[in-house]
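Single-structure report; data block below.
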Amino acid sequence: MNMKPTDLEKNKGTKINGRMGAAGIPSRFGAGSATLVDKREQREKERAQGLVPFACKLPSTLVKQLQERAAAHPEGLNVMVAELLGQAMGATMGAK
């Protein structure tokens, strides 16, 4: 049985669509998504702790150094950067 090239391409497309549908649901949309903290709840917790989002532009080499140091820091990047800024400015973490 000879098939036209367009029929072959349609069959390929059908196979691909079938595989995509059978792949399953990623955990971020499935049952695992319920364990994630709601962003609104997270912002409220951070506000209660006195934390404020702060964005700035930094050279990529400095960012890489910060990320490398933060990997070894027990409390992560945010706390480490706050400590470094506090030390550089002569302030303590608890001062507001």
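Odds and ends about this structure:
- Condition met for residue 17 (in a helix (DSSP H, G or I) and either surrounded by fewer than 10 Cβ atoms within 10 Å (Cβ to Cβ) or modelled with pLDDT under 85 (or both)): yes
- Neighbours by Cβ (under 8 Å, 6+ apart or cross-chain): first from segment 1-17, among the aliphatic types (A, V, I, L, M); second surrounded by 10 or more Cβ atoms within 10 Å (Cβ to Cβ): 3/11
- Scan of segment 68-79 for residues that are surrounded by fewer than 11 Cβ atoms within 10 Å (Cβ to Cβ) and not acidic (Asp, Glu), ordered by number: 71, 72, 74, 76
- Residues of segment 35-62 classified as assigned to a helix (DSSP H, G or I), surrounded by 12 or more Cβ atoms within 10 Å (Cβ to Cβ) and either modelled with pLDDT of 90 or more or over 16 Å from the mean Cα position of the chain (by Cα) (or both), total: 1
The values are calculated or read from the model by the stated rules, or taken from the named source; none is laboratory data. On a predicted model such as this, the values are computed, not experimentally measured, just so you know. Here the Cβ is made from the backbone with ideal geometry for all residues, glycine too, and neighbour counts use every protein chain on show.
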